[in-house]
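The values are calculated or read from the model by the stated rules, or taken from the named source; none is laboratory data. On a predicted model such as this, the values are computed, not experimentally measured, just so you know. Neighbour counts are summed over all protein chains in view; Cβ atoms, including those assigned to glycine, are modelled from backbone coordinates with ideal geometry. In case anyone asks, the SASA skips ligands and DNA or RNA and just uses the protein heavy atoms, side chains included. Shrake-Rupley method; radii C 1.70, N 1.55, O 1.52, S 1.80 Å.
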Amino acid sequence: MAAAAAMPCFADDIRIEHLSPNHTFVRVKGDDKLMILPIQESIEDAKINVLVNGKLERTFFARLAKSKTDYTVPFDLSPYKGKDVILDVVSTQGRASVREAQDDACWSEMTLSDNFDTTNREKYRPLYHHTPSYGWMNDPNGMFYKDGVWHLYYQWNPYGSKWQNMTWGHSSSKDLVNWEHHPAAILPNGIGTVFSGSSAIDRENSTGFGENSVVAMYTSAGDSQTQSLAVSHDNGETFEIYPANPVLTLDSEARDPNMFWNPQTKEWTMVLAHALDHEMLIFSSPDMKSWTLQSAFGKGLGAQKGVWECPDLFQLPVEGSDEKKWVLICNINPDGPFGGSGIQYFTGDFDGKFFTPDTDSNGKVATKWLDFGKDNYALVSWSDAPEGRRTAIGWMSNWQYAADVPTMQYRSANTLPLEVTLFKGTDGDYYASTVPSPELTKLRDKLIVNTRKTGVGTKGKNFSLPTANDGVCEIELTIDPKKAKSVNLTLSNADGEEVVMTYNPAEATFSFNRKKSGIVDFSKDFPATTVAPTFGTSRKLTLRIFIDRSSIEIFGNDGRFAMTNLVFPNSPYSHLSVSSAGGNAEISNLKIYSIATDSSNK
């Protein structure tokens with residue numbers, strides 16, 4: 001039998017051996033720190049088995065470039081120093097011969113390096129929202145606060161900007177504004193890739209892992225979805241996988257465990273998404289290792305057409321009263337309020353075993369949404385947040401088009417960190433509100449516009465937005481519609497692109513139209529108008545608007561409604577126009593702040 005065709009070395013210590021049209025060995029010594037892999041997004045994943053001294057060490061998937069390189073990603077060789085490493089590449093790309101396979105761009109463009117350049121090359125990378133330094137990101141998960149540091153973990157693909165290779169990425173912050181990137185925290189293993197979950201500080205050493213250890217619980221996603229543990233003894237920097245995983249198995253699809261210590265029952269409570277059954281399962285445990293099913297919640301309630309995911313369960317005081325209520329967050333996809341992903345929630349009571357939802361004046365369990373835009377999903381909260389705060393963060397995208405947005409070096413950002421509170425509506429029902437975390441006032445730089453009071457009519461009043469940092473800014477204002485039937489806020493740029501926001505006082509609604517906002521043709525589901533109830537107690541409307549390079553987040557009436565939408569303008573929005581229809585209106589306390597450059601997380 002003829003020997004495999006070996007290509008010349010294109011870099012020191014790299015040797016390419018083509019075994020068949022779809023099977024290649026890439027031999028390398030583990031003496032360099034990184035191997036740089038060329039990626040082409042339009043092709044299918046290749047399966048890459050990592051063989052170290054002849055033994056299978058791990059498997060990952062990457063879209064190795066065939067005809068061109070869109071960007072590169074690093075593979076870390078440092079754990080294999082002094083060892084023989086083979087990347088055993090199996091491709092699904094159709095090729096007629098080994099000779100044809102040799103022509104793929106990836107083989108000649110693989111290199112070895114001591115470092116990987118993460119300098120931003122993206123026009124739309126946010127200035128002040130958390131993003132991964134490179135690669136795909138979706139759900140935030142496993143977040144906890146300890147010793148003055150907010151730890152944020154997230155679903156991450158280190159080998160491309162499409163969903164794959166789910167790993168827990170890790171960033172941390174001391175102020176919820178500036179983020180430091182860390183090495184991956186939990187990697188896939190033989191049980192599966194690492195889906196979403198939660199982390200908690202085991203103050204009582206109930207697990208036996210050690211007092212104040214940080215314990216993570218996550219879904220191992222292999223041929224089935226099972227639940228696993230990992231423990232950190234260095235405040236979340238690194239995790240050790242529990243050798244007796246998985247700790248919970250079911251005969252149906254379930255994922256995204258969210259656990260917390262319940263001081264009333266003196267045991268751990270865990271909510272698990274029974275994804276395809278459109279319900280949440282509630283378990284209890286004395287030690288996080290042995291779990292007992294207590295109840296199920298959700299069958300036939302709320303939005304039911306989508307998969308239920310990423311739960312969160314916590315208790316909050318009700319504003320202006322001595323009451324406390326429990327909030328159960330059930331992220332859902334699809335069947336969000338405007339298509340695709342959405343965050344629904346229920347308020348009610350919880351006795352440690354059963355969640356009993358509140359009913360409205362008609363005796364029904366209402367469907368409630370935490371955000372009335374298209375681009376806030378998988379929102380969950382930090383455990384052990386200081387001062388009794390319920391601080392949360394979401395994934396700022398939508399599964400309808402997350403893989404198609406016009407970026408490549410990275411995909412997806414997080415929302416702003418938010419504070420979740422409860423209020424009682426004028427209808428007597430309980431509702432959740434969200435406002436930006438107080439630390440975010442640190443973002444404010446110069447006060448560009450400061451208008452105490454001015455009338456507006458059909459002609460409208462125009463205000464210039466900051467020019468620094470691509471026009472990113474924060475806007476505050478109060479709208480008094482007076483006799484107007486509607487009040488429009490229009491963001492526009494020199495290219496004629498615009499976002500139109502409309503307050504309708506008669507219907508008590510606020511809408512956001514991004515159909516002409518910029519690049520919108522990458523998905524039929526992206527051009528859209530979203531609408532929120534204002535939950536107002538008067539006709540006046542207060543707004544707080546955050547504009548970043550590719551997103552707009554709106555908080556109305558002190559957070560009683562929120563709306564998060566992505567935008568991709570060809571040039572930054574440079575003007576705000578405020579006008580009214582059907583009569584004159586008044587705006588007051590209009591303030592526009594530029595954003596400080598030293599607050600960037602890049």
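Below, the figures for the structure above:
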item: LYS540 within 18 Å of TYR401 (Cα to Cα), among the basic types (Lys, Arg) and touching a strand residue (DSSP E or B) at 6+ places or on another chain (Cβ under 8 Å); result: no
item: Residues of the range 439-468 satisfying the condition of being out of contact with any Pro (no Cβ under 7 Å at 6 or more places or on another chain), β-branched (Val, Ile, Thr) and touching a residue at least 40 places away in the same chain (Cβ under 8 Å); result: VAL449, THR451, THR454, VAL456, THR458, THR467
item: Every pair of residues 6+ apart whose Cβ atoms lie under 9 Å, when the first sits in the range 410-438 and is over 14 Å from ARG390 (Cα atoms) and outside any strand (DSSP E or B) while the second is open to solvent by 20 Å² or more (accessible area, probe 1.4 Å) and of a type in the set (A, V, I, L, M); result: ASP429/ALA366
item: TYR128 part of a loop (DSSP other than H, G, I, E, B) and touching a Ser or Thr at 6+ places or on another chain (Cβ under 8 Å); result: yes
item: Selection from the range 54-68 of residues that are farther than 25 Å from GLY82 by Cα and open to solvent by 50 Å² or more (accessible area, probe 1.4 Å); result: ARG63, LYS66, SER67, LYS68
item: Any hit, the range 518-534, residues being open to solvent by 10 Å² or more (accessible area, probe 1.4 Å), among the hydroxyl-bearing types (Ser, Thr, Tyr) and in contact with a strand residue (DSSP E or B) (Cβ under 6 Å, 6 or more places away or on another chain); result: yes
item: Exclusive hit being closer than 30 Å to ASP349 by Cβ and aliphatic (A, V, I, L, M), set VAL435, VAL449, VAL456; result: VAL435
item: Selection within the range 275-308 - open to solvent by 30 Å² or more (accessible area, probe 1.4 Å), touching a residue at least 40 places away in the same chain (Cβ under 8 Å) and in a strand (DSSP E or B); result: GLN294
item: Among the residues listed as THR118, THR92, the single one being closer than 22 Å to TYR71 by Cα, β-branched (Val, Ile, Thr) and modelled with pLDDT under 95; result: THR92
item: Qualifying positions in the range 65-101 - in a helix (DSSP H, G or I) and in contact with a Ser or Thr (Cβ under 9 Å, 6 or more places away or on another chain); result: VAL98, ALA101
item: Among the candidates ASP404, ASP445, ASP384, ASP351, residue that is touching a strand residue (DSSP E or B) at 6+ places or on another chain (Cβ under 6 Å) and open to solvent by 70 Å² or more (accessible area, probe 1.4 Å); result: ASP445
item: Listing of strands (runs of 3 or more DSSP E) fully contained in the range 497-602 that carry 2 or more residues being within 17 Å of PHE463 (Cα to Cα) and free of Cβ contacts under 8 Å to residues at least 60 places away in the same chain; result: 498-504
item: Matching residues, the range 496-510, being under 20 Å from HIS575 (Cβ atoms) and among the polar types (S, T, N, Q); result: THR502
